[in-house]
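The values are calculated or read from the model by the stated rules, or taken from the named source; none is laboratory data. Every value quoted in this text rests on a predicted model; they were computed, and no experiment measured them. Glycine gets a Cβ as well: all are built from the backbone with ideal geometry, and neighbour counts include every protein chain shown.
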Amino acid sequence: MAALLRGLKSFSLSGRSLSITSGVAPHRRYGLPSVLSGQRNSSSSSKMTVDLDSSTGIAMMRFQSPPVNSLTLDFLTEFATNLEKLEMDKGCRGVVLTSALPKIFSAGLDIREMYGKSPEHCREFWKAVQEMWLKLYGSSMVTVAAINGSSPAGGCLMALACDYRIMADNPRYSIGLNETQLGIVAPFWFKENMVNTVGHRMAEISLQLGLLYSAPDALKMGLVDQLVAEEAVVTTATETMAKWFAVPGHARQITKSVMRKPTIDKLLSNREDDINNFVTFITKDSIQKSLKMYMESLRKKKA
Ligand SMILES: CCCCCCC/C=C/C(=O)SCCNC(=O)CCNC(=O)[C@H](O)C(C)(C)COP(=O)(O)OP(=O)(O)OC[C@H]1O[C@@H](n2cnc3c(N)ncnc32)[C@H](O)[C@@H]1OP(=O)(O)O
């Protein structure tokens, strides 16, 4: 019976259904049509697939929100729901985050969620950004980012919130917290997550200048932990996971919590202020103008 149950579990992206199939049954996949058609995802379609291999305890979360896996309110909500389900599943010990799209891990927060929106919408959006980070940075599972494309700003934050980062060895892919380049400011918890990863000096330089680093440079400064050939990013992530699983789980989890608790607690006790700061800042005319110019520059780059 146990052997029958050992196999793949798939969560739906809308987070409503959980299906369990045996190892020999075909693997159910959700939401692929929107990727194949190359269209922007509609708000009702899935932004990611989540497959839990119950024989290894590793869940694979693949982002699939064309064109660039930007973090919309829907994306963030779905991400938090899925992570929470995995967290509660005793059969899941680790999660790999990766992208199903070519060349992009995630383009960061969706700028359209912050431009021309009501203060109420901005509040809801920022709460979802906080929730995504709190759940990921505070996860008791082993989390590995398999960064198979560029990952600016909020995309970099997602990777930073994981325990280990493996990036495709391609100098064309970039990663970093480039917020100042958009005329916006990374909040203290983005900053602390960066400082906790690369140290104060490197974090200060990269945050002030809003630098994006090529994959080889990101490795040199410790922003990512390992570079591998693009086709090996996901397999290396699952192999890495096995090494982390070899450490007694309770000891690893307590150590992770001790390392991360101060930053998490700081956000938890200032959550409302952080939301208010964001709403006041992002709805300013001058900041709205900067966002507009940035979106236009993205469009012009294409033309
Ligand atoms: C107290 C105040 C606190 C404020 C804190 C706010 C913290 C903010 C964090 C963020 O994450 S802000 C977002 C930062 N993101 C970026 O700067 C990335 C911008 N995008 C790119 O650099 C490139 O698009 C790319 C990701 C490198 C991909 O390049 P590629 O050439 O493959 O595609 P594009 O033609 O540029 O883009 C396709 C399509 O997607 C749109 N788009 C790109 N990024 C975003 C985004 N972040 N949000 C919304 N839309 C995005 C882009 O405009 C194109 O759209 P169309 O022209 O096809 O309609």
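Just for the range 102-123: of the residues that are of a type in the set (D, E) and closer than 13 Å to F75 by Cα, which one is surrounded by the most Cβ atoms within 10 Å (Cβ to Cβ)? Spell out the reasoning first.
Residues of the range 102-123 that are of a type in the set (D, E), as a first pass: 110, 113, 120.
Remaining after also requiring closer than 13 Å to F75 by Cα: 110, 113.
Numbers: D110: 21, E113: 23.
Restricting to residues being of a type in the set (D, E) and closer than 13 Å to F75 by Cα, the top hit is E113.
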Only one of T236, T240, T280 that is within 16 Å of the ligand (Cβ to nearest atom) and among the β-branched types (V, I, T): T280
Pair list, Cβ under 9 Å, 6 or more apart: the range 102-113 residue more than 17 Å from R299 (Cα to Cα) and in contact (Cβ under 8 Å) with a residue 40 or more places away in the chain, other residue surrounded by 21 or more Cβ atoms within 10 Å (Cβ to Cβ) and among the basic types (K, R): none
Residue match in the range 91-98 (condition: on the phi < 0 side of the Ramachandran plot and at pLDDT below 95): no
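If you take the residues in the range 134-160 that are part of a loop (DSSP other than H, G, I, E, B) and more than 26 Å from M88 (Cα to Cα), which one is nearest to the ligand (Cβ to nearest atom)? Show your work before the answer.
If we filter the range 134-160 for residues that are part of a loop (DSSP other than H, G, I, E, B), which is where we start, we get 138-141, 148-149, 153.
Now narrow it down to the ones that are more than 26 Å from M88 (Cα to Cα): 148-149, 153.
Working: N148: 13, G149: 8, A153: 3 Å.
Only one residue fits best here, namely A153.
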Subset of the range 52-64 [under 20 Å from S140 (Cβ atoms) and charged (D, E, K, R)]: D53
Residue in the range 194-213 that is within 14 Å of the ligand (Cβ to nearest atom) and in a strand (DSSP E or B) present: yes
Filter result (more than 8 Å from the ligand (Cβ to nearest atom) and either β-branched (V, I, T) or in contact with a helix residue (DSSP H, G or I) (Cβ under 7 Å, 6 or more places away or on another chain) (or both)) within the range 288-303: S290, L291
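List the strands (runs of 3 or more DSSP E) inside the range 45-125, counting only whole elements, that have at least 1 residues being within 13 Å of the ligand (Cβ to nearest atom). Walk me through it before giving the result.
On the way: elements: 48-53, 58-63, 94-99.
Those strands (runs of 3 or more DSSP E) span 58-63, 94-99.
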Residue count for the range 60-111, restricted to those that are aromatic (F, W, Y) and over 15 Å from V50 (Cβ atoms): 1
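Kindly evaluate A153 against the criterion of being touching a residue at least 12 places away in the same chain (Cβ under 8 Å), out of contact with any helix residue (DSSP H, G or I) (no Cβ under 9 Å at 6 or more places or on another chain) and of a type in the set (A, V, I, L, M). It would help to see each step written out before you state the result.
Numbers: touching a residue at least 12 places away in the same chain (Cβ under 8 Å): yes; out of contact with any helix residue (DSSP H, G or I) (no Cβ under 9 Å at 6 or more places or on another chain): no; of a type in the set (A, V, I, L, M): yes.
Judged against the criteria, A153 is not a match.
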Criterion (of a type in the set (A, V, I, L, M, F, W, C), in contact (Cβ under 8 Å) with a residue 40 or more places away in the chain and loosely packed, with under 13 Cβ neighbours inside 10 Å) met by exactly one of A237, A246, A229, A218: A229
